[in-house]
1. Right, Pro457: under 16 Å from Ile355 (Cα atoms), assigned to a loop (DSSP other than H, G, I, E, B) and modelled with pLDDT under 95 or not?
2. Cβ contacts < 8 Å: first residue farther than 26 Å from Leu158 by Cα and part of a loop (DSSP other than H, G, I, E, B), restricted to segment 196-224; second residue β-branched (Val, Ile, Thr) and open to solvent by 40 Å² or more (accessible area, probe 1.4 Å), any location; separation 6+ or different chain. Result?
3. Got a sec? Which helices (runs of 4 or more DSSP H) wholly within segment 340-435 have at least 2 residues that are over 25 Å from the mean Cα position of the chain (by Cα)?
4. Going by the structure shown, is Asp204 open to solvent by 40 Å² or more (accessible area, probe 1.4 Å) and farther than 22 Å from Leu274 by Cα?
5. Criterion first (among the β-branched types (Val, Ile, Thr), crowded, with 23+ Cβ neighbours inside 10 Å and touching a helix residue (DSSP H, G or I) at 6+ places or on another chain (Cβ under 7 Å)) does Val111 satisfy it?
6. Just one of (1) within 23 Å of Ile393 (Cα to Cα); (2) open to solvent by 30 Å² or more (accessible area, probe 1.4 Å); (3) in contact with a strand residue (DSSP E or B) (Cβ under 9 Å, 6 or more places away or on another chain); (4) not aromatic (Phe, Trp, Tyr) trips up Ala338, so point out which.
7. Would you mind finding the one in Gly415, Gly391 that is in contact with a Cys (Cβ under 8 Å, 6 or more places away or on another chain) and not β-branched (Val, Ile, Thr)?
8. Taking the stated definitions as given, is Pro73 modelled with pLDDT of 95 or more, closer than 26 Å to Ala338 by Cα and in contact with a strand residue (DSSP E or B) (Cβ under 8 Å, 6 or more places away or on another chain)?
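The values are calculated or read from the model by the stated rules, or taken from the named source; none is laboratory data. Just so it is clear, the structure is predicted and the values come from calculations on it, not from any experiment. We place every Cβ from the backbone using ideal geometry, glycine too, and count neighbours over all the protein chains shown. With ligands, DNA and RNA removed, areas are computed over all heavy atoms of the protein, side chains included. Shrake-Rupley method; radii C 1.70, N 1.55, O 1.52, S 1.80 Å.
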Amino acid sequence: MTRIPRASRARRPRPPGRIRARRGGGARRLRAAALTGVLLAALLAPLTTGTARAGGPPPGPGGSWTGSWATAPTLPHSSGPSAEGFADQTIRQPLRATRGGEWIRLRLSNVYGSGPLTVEALSVALPRGRGGIRPGSSTGVTFGGAASVTVPAGAEVLSDPVAFRVRPDTDVIASLHVGEPTGPTTWHRLANRTVYVSAPGSGDRREDTTATAFPTTLNSFFFVTGLEVATDGDPGTVVAIGASHTDGVGSTRDAARSYPSVLARRLGGEVGVLNAGIGANQVINDTVHGSVGALGRFDRDVLGQPGVRDVLFIQGINDILGAHYFPDDAPTADEVIAAYQELTDRAHARGLRIIGGTLGPFRGVPEFTEEREEMRQTLNTWIREESGFDGVIDLDRLWRDPADPSALHPAYDTGDRLHPNDAGYAALAGAIDLGCLSVGPGAGSAPTAGERRDCTPPSPSTSGVRP
């Protein structure tokens, strides 16, 4: 890997009226000002674990848990399914595992709920067909030995361990039945997966092997935010946090082609790669569509993941483009840099490697101005030359158009000039030097003090446009 000595898509913001931003006088004050009331309780959510263990303990001496799939919870909206919730319905959700195992447990979240959430029953199964499950594969999930569980508002809960074989890069189908109306939900807005929902009042349809009883399809996850597997070996997990360039906006739906998914395949299923991206998310401000900013959610969505060892952080475009709609709330480059430094310090305080990414080009979007391009260049220069990141993923260099470096390469453009297609995400995941990670095949040694590694070094295999 190349070493750089110390020198000395994100989701596009929504139109006015649909983004709420908060801002004070600096990165730390911004974060503190936003964490009030229910929001503060959600970010400090307690995590409880079932006391009984279904089928016995995880295998192996001193067996530990590592993440295999995760999604970052987001604030409910004022209308639509996240606001209305569900009543006597079953929600069937595909969870793409990145690491396999013989035992699993699931995480349920009610961090943004307005009242207690009662899940009457939850089961996991193997997929068959569109919205269906393989006959005979459905396995009940328990909580403290019981089929149902009530999760207080602002809390999360882990299930008991369940004997259920999971293979990497395959789906686990989680079917969840709620009885009483849930009220506003804890969800992940942009799942890029097809989620199946039964009709209100249809009862428990977890065992239905086809999707006939599931007339509604959505593109969001609800309540289920994590899948863990038991391991006897190294429990190391990589967590990718960011906005829509991490969430995978622009990639093919139901194909697992976001850059974290492609990276997980490169790692051969030996390492869990968790996607904590949120479309429209900002580093500093909390917004309606982007939910709690990275400063406010980092401890829960990254540091709270089981076995986390490495952090991939690519974020900041929405902090720049948000100025188009809310200029009075827009952070300066210095404030974003201060936020980067704080997140780096938090990761290092936990003994984690954190690899930062430069910000990709966006000329051609409605929010583009030369002043905002200048801010992007300022942040990218700092990330490359002055940041405290242990390594740098130069997304800008990988995705820019050689004919106009301020624009996304046409071969990677989905058409909105901001979000890449499958080829763009594959180019990013394929260019990452695995030696920058501390886990998985090719894992490298820890960086020395003051060292910042180039984790996407130019080479015939990592430069240029790939089909």
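1. Numbers: under 16 Å from Ile355 (Cα atoms): yes; assigned to a loop (DSSP other than H, G, I, E, B): yes; modelled with pLDDT under 95: yes.
Yes.
2. Correct list of pairs: Ala199/Thr216.
3. Values: elements: 370-385, 395-399, 422-431.
Here the list reads 370-385.
4. Values: open to solvent by 40 Å² or more (accessible area, probe 1.4 Å): yes; farther than 22 Å from Leu274 by Cα: yes.
In short, yes.
5. On the way: among the β-branched types (Val, Ile, Thr): yes; crowded, with 23+ Cβ neighbours inside 10 Å: yes; touching a helix residue (DSSP H, G or I) at 6+ places or on another chain (Cβ under 7 Å): yes.
In short, yes.
6. (3) is the only condition that Ala338 fails.
7. Selected residue: Gly391, the only one of Gly415, Gly391 that is in contact with a Cys (Cβ under 8 Å, 6 or more places away or on another chain) and not β-branched (Val, Ile, Thr).
8. Numbers: modelled with pLDDT of 95 or more: yes; closer than 26 Å to Ala338 by Cα: yes; in contact with a strand residue (DSSP E or B) (Cβ under 8 Å, 6 or more places away or on another chain): yes.
Yes, satisfied.
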